[in-house]
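See structure below.
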Amino acid sequence: MIGNESQLFLYSAVIIAVVMLIWDTIEVGRNDAANIVNAVFGARVLKRRQAVYLAGFAVIVGAWASSPVMETARKEIFLPETLELHDALAIYLGVYITDTVLLYSFSAFGMPISTTAGLVFSLLGGGLALGGVDSVSWEKSGQVLLAIVCSILISGAMGFLVQRAFRGAIGKDCDDPRQVRLHGPWIAGALLTGLIYFMLIKGMKNVAFVKSFNAMTLDRLSDSWVIVVLIALWAIMSILAWGSLKLGGERLERKLFPGLAVVGMLAIAVAFGQNDLANCTSPGLASIMILRHGELAPQVDVPSWLLLICGLLLFVGMSTRNAQRVTRAQVNTGSQSDVVRLYAPRWCLWLASWITPKQHIDESGEVEEEVLAPEAQDPESKKLQHYDALRAAVITSVSASVIAFASGLGLPVSTTYVSFAAVVSTGWADRVFLRGDALIKLGRTIWVITCWFLSAFIAAIATGLSATLISVWGTLGIAIALAVNLIIRSIAKNRAEAQEERLRKEAAERKKIMFGDRHESMRLAADDDHHEM
């Protein structure tokens, strides 16, 4: 119970926690927007604004089904019941103060980082700082971290294998009507079957009507029969896709893979809302429960209207300028274009030079290994693409399936890590690192992965310091921590703007060197990014 807790601190902390809940939800939408729309934007299937509006609706739907992940993130990473309520509130506020500035700063530099990992390590850092090793649920934390690592590996492996198989079948031009008629139906059937199984059957298994359906059907079958059902579903989806192509003719043939990419985007948006809402709302909800009940409630029944409001806040974050920067940087990292606008430290470029694939020339002077997906152009808008529509469909479908499956298990995995792994692995499958700015793309990949570990370390240390400051100094500690937050945000904004201008000039110089006198007349995918925002 609250007992002799300072009423001033208690009410101040909870009010600020609610404000920070809103702020952090917007920041999560700001950084993770790239994970939802990067593929369809990179393939010029939709303009970014159109993609954000469409994905925003799906995010709200996913937020409505986020409760199992909410409970894991709210009270199973560390054990707040081992602490005084004063210290538990200090940790929740420390999480918000750290995560808001961390997400803003990395977003300003176009760096996609994991809001999930940020939450987990913030809770760990705060719990260790104020409660010691006994306040941390090491078993559950280990499960979550293992799920994050496994999701990266699974997304990367599946992205590579699926893309290589589909590319091997359909070839370089996924707009060729003959190839679409021949291979489009079974590819569409495979992607749709994966989405139906992982998104609906597994990802939303805690939703009432899905739970009832599973109880009456798949839960009664053995694993071998489930495989038979999935193969039958694949056949049905393929036949439906074939029939649609027959009826729709050439126009539908051109829209098949772009349409699949949009379906995949909607699926990953639902999975994002379902999984990542916990990262920004669980500390605030726990703080509200402390005020209402005088203790951490054993179970939180989150009203639907609150989930919908949080989904709208995620959408607001997706629409911001920094979110556009994250989108542009991520599509450039896995781009099929020769020249990209990216930053990577020199040591990352040096390391990339050791692992960059080398082109092998045979005795006749021909390149033995060519890029499987050369720089493409949308046949209708004539905009140059970072990806073609086939690759966009694979990126979104694989990412959505992995995230939704983890959400069904109640594990908050990283949308950022999963989608970034899919972007890089599908690019590797298409051999996009064989030419042009390959060194910079790989260097950026190394830098992003490095920042994943760096951001986790910063989150743990900063939250521990913030929580300790708030615990010792109370309301004054909150004021000091917020002041530091705002100062760091201002510094990050100014430096990020300077870096953006520098990257634009450097890309223009590399383009001039690469294409010589033709550089002014050459259009590259990166040149169209700004106009598509």
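The values are calculated or read from the model by the stated rules, or taken from the named source; none is laboratory data. In this text, all values refer to a predicted model and were calculated from it rather than measured experimentally. In this analysis, Cβ positions are derived from the backbone assuming ideal geometry, glycine residues included, and neighbour counts consider all displayed protein chains.
See the values below:
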{"read-out": "Any chance Val180 is in a helix (DSSP H, G or I), at pLDDT below 70 and among the hydrophobic types (A, V, I, L, M, F, W, C)", "value": "no"}
{"read-out": "Subset of region 378-394 that is within 22 Å of Arg181 (Cα to Cα) and crowded, with 24+ Cβ neighbours inside 10 Å - its residue that is modelled with the lowest pLDDT", "value": "Tyr387"}
{"read-out": "In region 183-225, residue modelled with the highest pLDDT [restricted to those that are outside any helix (DSSP H, G or I) and over 25 Å from Met265 (Cβ atoms)]", "value": "Ser222"}
{"read-out": "Flag if Ala271 is of a type in the set (Gly, Ala, Ser) and modelled with pLDDT of 85 or more", "value": "no"}
{"read-out": "Flag for Leu46 being of a type in the set (A, V, I, L, M), assigned to a loop (DSSP other than H, G, I, E, B), surrounded by fewer than 24 Cβ atoms within 10 Å (Cβ to Cβ) and at pLDDT 70 or above", "value": "yes"}
{"read-out": "Set Asn322, Asn332: member being at pLDDT below 75 and touching a Gly at 6+ places or on another chain (Cβ under 9 Å)", "value": "Asn322"}
{"read-out": "Residues being outside any loop (DSSP other than H, G, I, E, B), out of contact with any helix residue (DSSP H, G or I) (no Cβ under 9 Å at 6 or more places or on another chain) and farther than 15 Å from Met111 by Cα - total across region 411-467", "value": "1"}
{"read-out": "Residues of region 16-63 classified as more than 17 Å from Thr98 (Cα to Cα) and of a type in the set (A, V, I, L, M, F, W, C), total", "value": "20"}
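Listed here are the residues, each with its yes/no results for (1) at pLDDT 90 or above; (2) within 23 Å of Pro112 (Cα to Cα).
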{"position": "Thr445", "(1), (2)": "yes, yes"}
{"position": "Cys451", "(1), (2)": "yes, yes"}
{"position": "Ala459", "(1), (2)": "yes, yes"}
{"position": "Thr463", "(1), (2)": "yes, yes"}
{"position": "Leu469", "(1), (2)": "yes, no"}
{"position": "Gly474", "(1), (2)": "no, no"}
{"position": "Ile487", "(1), (2)": "yes, yes"}
